[in-house]
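Read the structure below first, then the notes.
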Ligand SMILES: NC(=O)c1ccc[n+]([C@@H]2O[C@H](COP(=O)([O-])OP(=O)(O)OC[C@H]3O[C@@H](n4cnc5c(N)ncnc54)[C@H](O)[C@@H]3O)[C@@H](O)[C@H]2O)c1
Ligand SMILES: O[C@H]1[C@H](O)[C@@H](O)[C@H](O)[C@@H](O)[C@H]1O
């Protein structure tokens, strides 16, 4: 670490999420500085580096990771590019915060797990930011404290206003439901054992070829059920809700209304329009905790194993989308590194 012990971070991928993380590291987070930005689109990389003292723009991740002022890596490129950068980071023993999903499929996620296990120590935190969201944290504390008794079911809604071009049905699972898969594993402390996907009539607002919305049923190793409505072109905003039902009660998050207005015989609140707005605090907290832990020589948060287990459940989910049947999740043996 250089410059008064601040962590020099290379941000890989400076699109929507990467550019927001660059801003966050530069202006919100303490203890870090953006030493390098990388994008295969060189102009985009230069724009992201512009105005940040000592930040170099690259088009090649390997070159950035070899720079002497780079101490850690934040990966925000599209999922298919994650594995190569993770392996480059392991070769240099650099700590990584990797945006979800860890990789786009279970086989590549397992290769990452095995490579980290060979290193012999944890280097990866996966960007499952809901684990840092104040509402999710309250729900987790309630469940862990037995506040509603043994949890039996989760009812989840995951709605996006609209999808970017090229968004596929598989991405509804791999990019979107992957959050509920991780949240279910984390909230309940159980693995996902099987996945079923049901498709209602397709919304006329869905782009050509996208069966939107869908209902995804997750069965856990402890006998709980989580149902997830995934509706990625709902049109009206960004909504993530989760209700836990236990033996002695229920608890629900995701109903915040922002400013609540009463007028002319009606009342109404606000719905965030995207994840950047809804999860701003969670992203800030996630990155700050990663920077602090890394500077202290620790690793915390969702592991590469969590990323792999989620990818394995997603793979069962995409099989279930195609087959219409209940698909079992196949998990490899967990390396000792992950407890
Ligand atoms: N946690 C969340 O809520 C959240 C939200 C959005 C996106 N994400 C994740 O963040 C990642 C990026 O998503 P996005 O929406 O910002 O995508 P994006 O398409 O807006 O940006 C990706 C950028 O990466 C660049 N790129 C592509 N291949 C590259 C490579 N090999 N090396 C370097 N740069 C490369 C592209 O040119 C582009 O600028 C994905 O993994 C996505 O799932 C997470
Ligand atoms: O990549 C994004 C992101 O992960 C969001 O948090 C999720 O709500 C979207 O559905 C997904 O497409």
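Every read-out reported here was derived from the displayed coordinates using simple, explicitly stated rules and does not represent laboratory data. In this text the structure is predicted, and so the values were computed from the model without any measurement. Neighbour counts are summed over all protein chains in view; Cβ atoms, including those assigned to glycine, are modelled from backbone coordinates with ideal geometry.
Some points to look at:
- The smallest convex shape that holds all Cα atoms of segment 202-246, its convex hull, gives 84 Å³ per residue.
- Helix 304-323 axis, angle to the chain major axis (alpha carbon atoms, nearest 10°): 50 degrees
- From the C-alpha gyration tensor of segment 246-339, square roots of 5λ in Å: 35, 26, 14
- Each eigenvalue of the Cα gyration tensor of segment 262-301, multiplied by 5 and square-rooted, gives one semi-axis; in descending order these are 39, 8, 6 Å.
- For segment 145-185, the C-alpha radius of gyration divided by 2.2 N^0.38 Å, with N the number of residues, is 1.56.
- All Cα pairs of segment 102-232, percent lying beyond 20 Å: 54 percent
- When 123, 202, 319 are sorted by how many other C-beta atoms sit within 10 angstrom of their C-beta, beginning with the fewest, the order is 202, 319, 123.
- Sorted ascending by nearby beta carbons within 10 Å, beginning with the fewest, 296, 270, 99 become 296, 270, 99.
- DSSP-defined antiparallel bridges as percent of all bridges, the chain, nearest 5: 55 percent
- Counting all C-alpha pairs of segment 172-305, share separated by more than 18 Å (%): 68 percent
- Shape category assigned to segment 51-129 from the gyration tensor of Cα positions, a/c cut at 1.5: prolate
- Within the listed set 45, 304, 62, the Gaussian network model of the chain (springs between alpha-carbon atoms below 10 Å) gives the highest mean-square fluctuation for 62.
- Rounded if a/c under 1.5, otherwise prolate or oblate - segment 83-159, Cα gyration tensor axes: prolate
- Each of 338, 238, 132 was scored by other Cβ atoms within 10 Å of its Cβ. Listed from fewest to most, they are 338, 238, 132.
- Hydrodynamic radius (Kirkwood) for segment 107-151, which is based on Cα pairs only, to one decimal in Å: 13.1 Å
- More than 30 angstrom apart: percent of Cα pairs within the chain: 37 percent
- Considering helices alone, the calculated mean residue ellipticity of the chain at 222 nm is -10000 deg cm²/dmol, with DSSP H runs of length four and up weighted by -39500 (n - 2.57) and normalised per residue.
- Each 5 Å bin, from zero up to the one with the longest distance, holds this percent of the alpha carbon pairs of segment 1-139: 2, 11, 20, 23, 20, 14, 8, 3, 0.
- Using a cutoff of 8 angstrom between alpha carbon atoms and counting only pairs six or more residues apart, the relative contact order for segment 1-145 works out to 20 percent.
- Whole-number percent relative contact order across the chain, with pairs defined as alpha carbons under 8 Å at least 6 apart: 19 percent
- Shape call, segment 10-77: gyration tensor on alpha carbons, a/c limit 1.5: rounded
- Cα-based radius of gyration for segment 153-227, normalised by 2.2 N^0.38 Å, reads 1.15.
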